[in-house]
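Since the structure comes first, as structure tokens, the remarks are kept for the end.
Quick note: the coordinates plus some simple rules give every number you see, no bench work behind them. Because the structure is a prediction, the values reported are computed rather than measured. Glycine also receives a Cβ, built like all others from the backbone with ideal geometry; neighbour counts cover every protein chain displayed.
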Amino acid sequence: MRGRVTKIFLALISTSLTLLALEALLRFAEGRPLRSVDGVVLWSTRSPRAEPADIQRAAADPRAFKILGLGDSVMYGVSEPKEQTYLEYARRVLAQRAQRPVEIINLAVPGFNTVQEDAVYKEIEGQLTPNLVVVHALPNDTAQYVSDGAYVYDTRALPENSDARVRFPFAARVNDALLAHSRVYDRLYALVLRRRVDWSNLQDPPGGEARMCAALVQIHERAQRAGARLLVLSSADLRRPLSNQLPAALRQCASRQGIEVIDLTEWLGGVDADGIALDDYHFNEEGHRRVGEALATYLLAHDLRE
């Protein structure tokens with residue numbers, strides 16, 4: 001009996017050392033794991049659109065009109081270099097036409113929802129005081145995603161994001177804590193997602209629209225405290241013809257708070273979807289150019305009007 005206990009103990013020690021070694025290796029190769037801001041799990045993209053130095057530079061210029069971009073893969077511009085994303089196109093137009101310097105900080109990260117975007121804003125609130133906060137909103141912002149640093153995975157079909165997450169909140173918090181502190185767990189979680197998610201039958205978790213609305217209100221109130229205003233860009237559904245499917249609940253939420261929502265299909269009216277679409281939701285370079293130039297024109301007529 002004692003010998004069996006000893007073998008089990010040694011096996012546990014060996015497994016623990018192996019996991020620690022693997023964790024150290026992954027952290028060395030990929031950087032720190034996910035992080036948590038007031039219980040909201042966040043991750044970093046390997047090619048961020050804004051670096052800490054960009055935030056410091058913008059914050060240090062008292063004359064600059066500062067725009068903070070919060071969004072997911074559409075604002076981030078998947079498959080496009082930073083220079084070909086719509087906030088960069090807007091930046092270049094404004095650099096030529098605005099009467100004051102303009103700084104645009106794009107903190108969009110693929111896979112983020114509105115709750116995570118609120119957490120990102122909270123994270124940098126003491127570092128930057130924007131004049132305008134731009135949130136890019138999609139219908140799937142009611143869902144929850146996770147990333148292992150390279151890929152973004154949809155978790156809507158997992159049991160933990162159904163009623164089970166509500167019934168067993170402690171297990172959900174343990175899961176989120178492990179995601180935030182262990183690279184090994186991140187990898188295992190992503191492996192489970194790839195094997196278990198039913199991609200043909202994704203369902204939004206209960207209460208998604210309510211969480212989305214609450215997060216948008218938090219962003220709005222935080223912007224107001226900074227003397228800024230919030231502008232929501234409601235993403236276009238790039239299937240043919242162009243349409244907008246932002247949940248009515250979000251529009252009602254924004255209307256109650258006095259938040260301006262711009263339907264991007266209005267800015268893209270008359271454009272052939274095939275010419276601006278990378279897929280059903282993401283813009284190609286031409287789509288980013290058109291949105292960026294329309295945004296710059298809008299800002300010159302409203303926030304930057306002299």
_Exposure proxy order (Cβ contacts within 10 Å, fewest to most) of Ile67, Ile219, Ile13, Ile259_ = Ile13, Ile259, Ile219, Ile67
_Quick check: net charge around Arg240, other residues with Cβ under 12 Å of its Cβ, Lys/Arg +1 and Asp/Glu -1?_
-3
*For Ile219, what is the net charge nearby, where nearby means another residue's Cβ is under 15 Å from its Cβ and Lys, Arg count +1, Asp, Glu -1?*
-3
*asked:* Going by average Cβ density within 10 Å per residue, which order do the peptides 263-275, 234-246, 129-141 take, highest to lowest?
replied: 129-141, 234-246, 263-275
*Mind ranking 59-66, 296-303 by how tightly packed they are, going by the mean number of other C-beta atoms within 10 angstrom, highest first?*
296-303, 59-66
*Label-to-label distance, nm, for residues given as Tyr298 and Glu51 (7 Å Cα→Cβ offset)*: 3.0 nm
_Efficiency of FRET between Lys122 and Phe9 - r from beta-carbon atoms, R0 51 angstrom, step 0.05_ = 0.70
*Kindly rank 47-53, 6-12, 284-290 from highest to lowest mean number of other beta carbons found within 10 Å of each residue.*
284-290, 47-53, 6-12
_Val102 long-range amide H proximity, modeled H, under 5 Å_ = Phe65
*Sum of side-chain charges, Ala228 neighbourhood, beta-carbon under 12 Å (Lys, Arg +1; Asp, Glu -1)*: +1
